[in-house]
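**Student:** Before anything else, here's the structure in question.
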Amino acid sequence: MKKLLVISLSVVMLSCANKNQKADLLILGGKIYTDNERQPEVEAVAVKDEKILFVGTVKEAENFKGDKTLLLDLEGKTMTPGFIEGHGHLLGLGFSEMTLNLENVKSYEELVGKVKEAVSKVQPGEWIIGRGWHQEKWDKKPAKIVKGFQTHELLSGVSPDNPVFLTHASGHAGFANAKAMQLAGLNQLSKEQLQKNSSAGGEILRDPLGNPTGIFIERAQSLIQKFIPKASPEKIQKAVDLAQAACLRNGITEFHDAGASRETIQLLKQMKEENKLTIRLYEMLSGSDPSLVKDFFQHGPEIDSTSWLTIRSVKLYSDGALGSRGAWLLEPYADRNETVGMATMSMDTILKVSREALKAGFQVCTHAIGDRANREVLDQYEIAFKENPEKAKDARFRIEHAQHISSHDIPRFAKLGVIPAMQAIHLSSDRPWAIDRLGEKRIKESAYMWQSLLKSGAHIVNGTDVPVEPINPIACFFASVTRQTLKGEPKGGYEAEEKMTREQALKSYTLDAAYGDFQENVKGSIQVGKLADFTILSKDIMTIPDDQILSTEVVMTIVGGKILFIRN
């Protein structure tokens, strides 16, 4: 790649035709996939003033060369439209690089070892925060298990003087040590007191004697989280900077940020004014802050004509996750038949916000994983749409995750114009254990139903849900087209009939993702007049064998015609 680096940063003096329009940047010498059905592959792309000036053959591109044109030779590499992360958490991505990363731990003992090491580096009383553990992915089960989860004693033993809170990979459960529970006043409570202190839409797991195990499900996490010191403005700024850098390393040119606070939005606005944004942002207002939502509904969407920072949607939560058994199901869990999960927000609230959003010109994006949650949310959307049919014509309301959907509800997405924002990588990570939660019939007939949704006419927005999963579009693309784990298992993939084609998978990360934020006319494909956002890859992911996809690297990321990342 050193040769590519030299070429990409050199101005090549070339003779040119007598044309008025001369390109700032001319890209050629490799496979270029446009995601434009009328012109799916081209030889060259010319860029001027952050937008695409020309798309076509190398011979035609000669007309756009000028004495100041920068020539980028792909040297046989592959270029696609810039990848769009369709559902992630920007600050979560940044903070994941600043806190204890438990993503790859293989056992409870390894998790405890990492916490013990962290304790040795801090003062007594300092909080230790981490994220990424997932008990279903461990190589061996803990010696003591309550309701499918480990208990805190081993963790508390290595951290007696430091409060610890470790968020589950899904974000829908947390693990606290004795010190953290003591600070929250939850150590020695009776069974009745613990029940009283459980938040609505949440659960504190207890052992047979009624003692807390350290596991806090869904909203019950707030009982611990409210005692964790808030991050300083400087730390939040650092998190955004780290997140943007991680996106560029992974070929991400735009990020759909699923749930932003007032403080985060203010910071991002300031960064935009100071030209410090390096990726495009589509912000969803956090529905957990009704006053924030109310304020924006009153003054209307903020649609950025430059497409750097747009605020026109709101994020709601209807249920939890399968991993924590918080996803809301129509029938009980196969491995814990006393529960069907839970609603984390009343349907009356979702309907109320949906009505108000339509009137105010905002999109609603609701987290729903279980089949009951998906049905209920679709029901609320449908009521709001019928009441306001004019506003509903192009509302593009979304359901985030749409992981487990009854066959009855699959065609309702396209019929209602609701977008399923799904993360294919969740299949690779979750499918091996999710069958225990749902049972064989449900997992095969109603989970990760990508092809069924596409055939019904729905637009799928892909992504990773980072930091739930690493922000790696290549791994997500692999999952989309193989339906395998990242170890390549099983042969042929899980429920192979639901695989995406490679064209569908690319579109879900580019043009359909742009459709998901109303900007398919300005980005998402390589066409004249659109934004010059491109991802350059080491291999041709549209043609190489499946087993070579995961070894593909992002070698360059271009945003607005500017080369912002080069892999050395």
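**Student:** Determine the percent antiparallel among the DSSP beta bridges restricted to the stretch 96-225, to the nearest 5. Spell out each step's value before the answer.
**Tutor:** Details: 12 of 19 bridges.
Of the beta bridges lying entirely in the stretch 96-225, close to 65 percent run antiparallel.
**Student:** Another question, if that's okay. I need two numbers for the stretch 460-556: Rg to one decimal and Dmax as a whole number, Cα atoms only, in Å.
**Tutor:** Looking at the stretch 460-556, its Cα Rg and Dmax stand at 13.9, 43 Å.
**Student:** Let me ask something else about it. To test your reading of the geometry: what angle, between 0 and 90 degrees and rounded to tens, separates the Cα axis of helix 262-273 from the longest principal axis of the chain?
**Tutor:** With both axes taken from Cα atoms, the answer is about 20 degrees.
**Student:** Could you calculate the FRET efficiency of V522 with Q270 from 1/(1 + (r/R0)^6), where r is the beta carbon distance between them and R0 is 25 Å, rounded to 0.05?
**Tutor:** 0.55
**Student:** Multiply the residue separation of E41 and S261 by 0.36 nm, subtract the distance between their alpha-carbon atoms, and state the gained length in nm to one decimal. Intermediate values should be presented prior to the final figure.
**Tutor:** Working: separation 220, 0.36 × 220 = 79.20 nm, distance 4.08 nm.
Taking 0.36 nm per residue and subtracting the Cα distance, the gain is 75.1 nm.
**Student:** Taking a cut-off of 18 Å between Cα atoms, list the aspartates and glutamates near K441, but don't count ones fewer than 8 places away on the same chain.
**Tutor:** Cα-Cα hits under 18 Å: E331, D335, D371, D409, D430, E495, E497, E498.
**Student:** Filter the trypsin sites (Lys or Arg not before Pro) in the stretch 54-114 to those in DSSP coil with at most 16 other Cβ atoms within 10 Å of their Cβ, and list the result.
**Tutor:** On the way: sites: K59, K65, K68, K77, K106, K114; in loops: K65, K68, K77, K106.
Filter output for the stretch 54-114: K68, K106.
**Student:** Could you pull out every one of the aspartates and glutamates with an alpha carbon less than 13 Å from that of K238, ignoring same-chain neighbours closer than 8 positions?
**Tutor:** E97
**Student:** Which pairs break 22 Å Cα to Cα here: K48/K523; K276/K539; K147/K499; K315/K393; K235/K562? Walk me through the numbers on the way to the answer.
**Tutor:** Working: K48/K523 15 Å; K276/K539 31 Å; K147/K499 33 Å; K315/K393 20 Å; K235/K562 27 Å.
Where the Cα-Cα span goes over 22 Å, the pairs concerned are K276/K539; K147/K499; K235/K562.
**Student:** Using just the helices of the chain, give the 222 nm mean residue ellipticity in deg cm²/dmol: DSSP H runs with n ≥ 4 each add -39,500 (n - 2.57), and the total is spread over all residues, rounded to 500.
**Tutor:** Details: 21 runs with 188 residues, N = 568.
The helix-only estimate for the chain comes to -9500 deg cm²/dmol at 222 nm.
**Student:** Hey, another quick one. Where q = 0.14, 0.15, 0.24 Å⁻¹, what log10 of I(q)/I(0) comes from the Debye formula for the stretch 232-336, counting one point per Cα?
**Tutor:** -0.66, -0.73, -1.30
**Student:** In vacuum, with every alpha carbon of the stretch 96-225 counted as one equal point scatterer, what does the Debye formula give for log10 I(q)/I(0) at q = 0.16, 0.19 Å⁻¹? Two decimals, please.
**Tutor:** The computed values of log10 I(q)/I(0) come out as -0.73, -1.05.
**Student:** Oh, and also: Quick one: helix 425-446 against the long Cα principal axis of the chain, what's the angle to the nearest 10°, folded into 0 to 90?
**Tutor:** Roughly 60 degrees, rounded to the nearest 10.
**Student:** Can you work out the Karplus-derived ³J(HN,Hα) for every residue in the stretch 552-560? Use 6.51 cos²θ - 1.76 cosθ + 1.60 with θ = phi - 60°, whole Hz, and x for glycine or proline.
**Tutor:** Once rounded to whole Hz, the list reads 6, 10, 7, 9, 7, 10, 10, 10, x.
**Student:** Give the Cα extents of the stretch 397-509 along the principal axes, in whole Å, largest first.
**Tutor:** Projected onto the principal axes, the Cα atoms of the stretch 397-509 cover 37, 30, 25 Å.
**Student:** Using alpha carbons only, how many angstrom separate the centre of the stretch 127-156 from the centre of the stretch 300-335?
**Tutor:** Here the answer is 26 Å between Cα centres.
**Student:** Could you list, in their original order, any pairs among K269/K352; K116/K226; K114/K141 whose Cα atoms are separated by more than 21 Å? Don't skip to the end; give the middle numbers.
**Tutor:** Values: K269/K352 28 Å; K116/K226 24 Å; K114/K141 18 Å.
As for pairs spanning more than 21 Å Cα to Cα, those are K269/K352; K116/K226.
**Student:** On a C-alpha basis, how far is the centre of the stretch 500-536 from the centre of the stretch 375-421 in Å? Whole number, if you could?
**Tutor:** 22
**Student:** Once you have the Kirkwood Rh of the chain from its Cα pairs, apply Stokes-Einstein at 4 °C and 1.567 mPa s and quote D in µm²/s.
**Tutor:** 53
**Student:** Rounding to the nearest 10 and keeping the result within 0 to 90°, find how far the Cα-based axis of helix 347-360 lies from the longest principal axis of the chain.
**Tutor:** Between the helix axis and the principal axis of the chain, the angle is about 30 degrees.
**Student:** Additional query: In percent, how large is the relative contact order of the chain, given Cα pairs closer than 8 Å and 6 or more residues apart?
**Tutor:** On the way: 1273 pairs, mean separation 91.8, N = 568.
Rounded, it is 16 percent for the chain.
**Student:** Short version: ³J(HN,Hα) in whole Hz for each residue of the stretch 297-310, in order, from phi by Karplus 6.51 cos²θ - 1.76 cosθ + 1.60 (θ = phi - 60°), x for Gly and Pro, what are they?
**Tutor:** Result, ordered by residue: 4, 6, 9, x, x, 10, 9, 7, 5, 8, 6, 8, 8, 10 Hz.
**Student:** When only alpha-carbon atoms are used, what values of Rg and Dmax, in angstrom, describe the stretch 49-129?
**Tutor:** 24.3, 68
**Student:** Report, largest value first, the span of the C-alpha coordinates of the stretch 511-568 along each principal axis, in whole Å.
**Tutor:** So the three principal-axis extents are 34, 25, 19 Å.
**Student:** List every residue whose amide H lies under 5 Å from the amide H of F565, counting only residues 5 or more places away in sequence or on a different chain, with H placed 1.01 Å from N in the peptide plane.
**Tutor:** When sequence neighbours closer than 5 places are left aside, the close amide H contacts are T557.
**Student:** Another question, then. On the principal axes of its Cα set, how long, how wide and how thick is the stretch 263-309? Give whole Å, largest value first.
**Tutor:** 29, 20, 14
**Student:** Evaluate the relative contact order of the stretch 96-225 (contact order divided by residue number), counting alpha-carbon pairs under 8 angstrom at least 6 apart; express in whole percent.
**Tutor:** On the way: 245 pairs, mean separation 28.1, N = 130.
Relative contact order comes out at 22 percent.
Quick note: the coordinates plus some simple rules give every number you see, no bench work behind them. Fair warning: this is a prediction, and the values are worked out from it, not measured in the lab. Every residue, glycine among them, receives a Cβ derived from its backbone with ideal geometry; neighbour counts consider all protein chains shown.
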